[in-house]
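To keep things clear, I will list the structure first and then write my remarks on it.
The values are calculated or read from the model by the stated rules, or taken from the named source; none is laboratory data. Bear in mind that the values here come from a model prediction, so they are computed numbers and not experimental data. Here the Cβ positions follow ideal geometry from the backbone for every residue, glycine too, while neighbour counts run over all protein chains shown.
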Amino acid sequence: MTAFRGLILAAGKGSRFQSETGEPFPKVLRPVLGRPLVSYVVDTMRSVGIDDITLIVGFQAGIVELEMGSAFRYIHQPEQHGSGHAVMCAKSAFGGFDGHLLIMCGDSPLFASDTISRLMREHVETGASITLASAELDDPTGYGRIVRDDFGRIMGIVEEKCADPAQRAIREVNGGSYAFNSKWLFGNIENMAINEAGEYNLTDMVRVAIAQGRTVSAVCCDSSELLGVNTPDQLKTIEEMLKGRQLHGND
């Protein structure tokens, strides 16, 4: 398979989490079964053969680097202006790389190795500029909706606050893990538009790709894999799910 490198978004402060705990601490280092949350994302990348992994760090970056150690490359995002802005900060680091980039969020530890393997395989086989994980949810509230045309082709991702009633009724949502053609991504990343919140969403690269007539593909995953951590209750839920996987020997 064509070379893949990994990029983990690990710069966030986790403001909602902190407001409940009162503790300023990097969300990706929150302990889950005695290990940092982000370490499960690292494990998934390594399980699919990706050893060259870069972490985007920001809030309390020094603590994250000290905890995770020297096995990774680190890129600093001094101010957090969205997932797209985080990836923009990595442009110079990947400027000479002519392979593919797997991008995952450091607070989403439930993606299975099989899902990520299928994502990578789909990306290479279709020649897509972007391949993303998607899932069908009974209640898609809070997620970006995947808009397709009458032939099933992905035409865009609409964030909930920007969606009209018909789009809000769409049950297929963006899962938040992506494979990108690295050269295409960083050659076009300046075309990302800033949103109403003054941030750059990485999902806007889908709009850029479609406008250029590029292929955007997707693989379906189990809805449970999308769960991330924004609150202490969600952290407990994820811990129980990971404990169950370990007890049953599931990835």
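A few comments on the model shown:
- Filter result for Thr141 (part of a loop (DSSP other than H, G, I, E, B) and of a type in the set (Val, Ile, Thr)): yes
- Looking across segment 53-72, the residues that are at pLDDT 95 or above and under 17 Å from the mean Cα position of the chain (by Cα) come down to Ile53, Thr54, Leu55, Ile56, Val57.
- Asn191 meets the conditions (1) surrounded by 18 or more Cβ atoms within 10 Å (Cβ to Cβ); (2) without any contact (Cβ under 8 Å) to a residue 24 or more places away in the chain; (3) not hydrophobic (A, V, I, L, M, F, W, C) in every case but one. The failed one is (1).
- Annotation note: Cβ proximity below 6 Å between a residue of segment 69-97 that is touching a residue at least 60 places away in the same chain (Cβ under 8 Å) and assigned to a loop (DSSP other than H, G, I, E, B) and a residue that is surrounded by 11 or more Cβ atoms within 10 Å (Cβ to Cβ) and among the charged types (D, E, K, R) (sequence gap 6+ or interchain) occurs for His81/Glu199; Gly82/Glu199.
- Within segment 172-200, the set of residues being in a loop (DSSP other than H, G, I, E, B) and farther than 26 Å from Glu136 by Cα comprises Met192, Ala193, Glu196, Ala197, Gly198, Glu199.
- Every condition in (1) buried (at least 16 other Cβ atoms within 10 Å of the Cβ); (2) more than 18 Å from Phe180 (Cα to Cα) is met by His76 except one, and the failing one is (1).
- Test: residue in segment 137-151 that is aromatic (Phe, Trp, Tyr), over 15 Å from the mean Cα position of the chain (by Cα) and more than 19 Å from Leu7 (Cα to Cα): yes
- Output for segment 201-215, where each listed residue is buried (at least 17 other Cβ atoms within 10 Å of the Cβ), over 16 Å from the mean Cα position of the chain (by Cα) and part of a helix (DSSP H, G or I): Arg207, Val208, Ala209, Ile210
- Criterion (loosely packed, with under 13 Cβ neighbours inside 10 Å, touching a residue at least 60 places away in the same chain (Cβ under 8 Å) and either more than 20 Å from His123 (Cα to Cα) or not polar (S, T, N, Q) (or both)) met by exactly one of Gly198, Gly152: Gly198
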